[in-house]
Amino acid sequence: MTRPLWAPWRLDYIEHASEQVGCVFCAEGAGELGDDASLVVGRGEHAFALLNKFPYAAGHLMVAPKRHVAALAELTHDEAAEIHGLTVRSLAALTAAFGPEAFNVGWNLGEVAGGSIAAHLHEHIVPRWAGDTNFMPVLADIKVIPEHLLETRNRLRAAWT
Ligand SMILES: [Zn+2]
């Protein structure tokens, strides 16, 4: 992405990022949060797709391997193939549930590139709408975000194939 979308709840993330304990991808990959609290929308054998708790846009998904690895070169063939498959299914679920006009898909490798949790690889899938910077103020109140996230998660789980 060449320009950041307005995402005010990321301020809360920046303020609290240092308080996080452990790796959220490892915890989600292992199913430690339970289905009700988990933001995972689809699982494979080696990888999984989950909503970004601090999204750049509504429906912002991430696909990550279960293993805690930082470099693309560390992925096995099976992991890489499954991440690709989960990416395709994520695009299909987002299209079915929300009908975005376009997507940004990609990796931030390393903290300087913007990877917030660079130690555990994850691919971003960001749905885009024309004029979506104007779409964001609907979600401006940070207190509504958790509820909105769970509703989004349920719609994506229902659309997952
Ligand atoms: Zn991890």
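Each row is one residue, and each column tells you yes or no for (1) open to solvent by 50 Å² or more (accessible area, probe 1.4 Å); (2) modelled with pLDDT of 85 or more; (3) under 15 Å from the mean Cα position of the chain (by Cα); (4) among the aliphatic types (A, V, I, L, M).
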residue	(1), (2), (3), (4)
V63	no, yes, yes, yes
A97	no, yes, no, yes
A113	yes, no, no, yes
R128	no, yes, yes, no
G131	no, no, no, no
A140	no, no, no, yes
N154	yes, yes, yes, no
R157	yes, yes, yes, no
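Which count do you get for residues in region 61-85 that are away from the ligand (no atom under 15 Å from the Cβ) and closer than 17 Å to A49 by Cβ?
Total satisfying the criteria: 7.
Suppose we filter A93, A57, A47 for residues that are within 16 Å of the ligand (Cβ to nearest atom) and crowded, with 20+ Cβ neighbours inside 10 Å; which single one remains?
Selected residue: A47, the only one of A93, A57, A47 that is within 16 Å of the ligand (Cβ to nearest atom) and crowded, with 20+ Cβ neighbours inside 10 Å.
The values are calculated or read from the model by the stated rules, or taken from the named source; none is laboratory data. In this text, all values refer to a predicted model and were calculated from it rather than measured experimentally. Positions of Cβ are backbone-derived with ideal geometry, glycine not excepted, and every protein chain shown enters the neighbour counts. Calculation scope for accessible area: heavy atoms of the full protein, side chains included, ligands and nucleic acids excluded. Shrake-Rupley method; radii C 1.70, N 1.55, O 1.52, S 1.80 Å.
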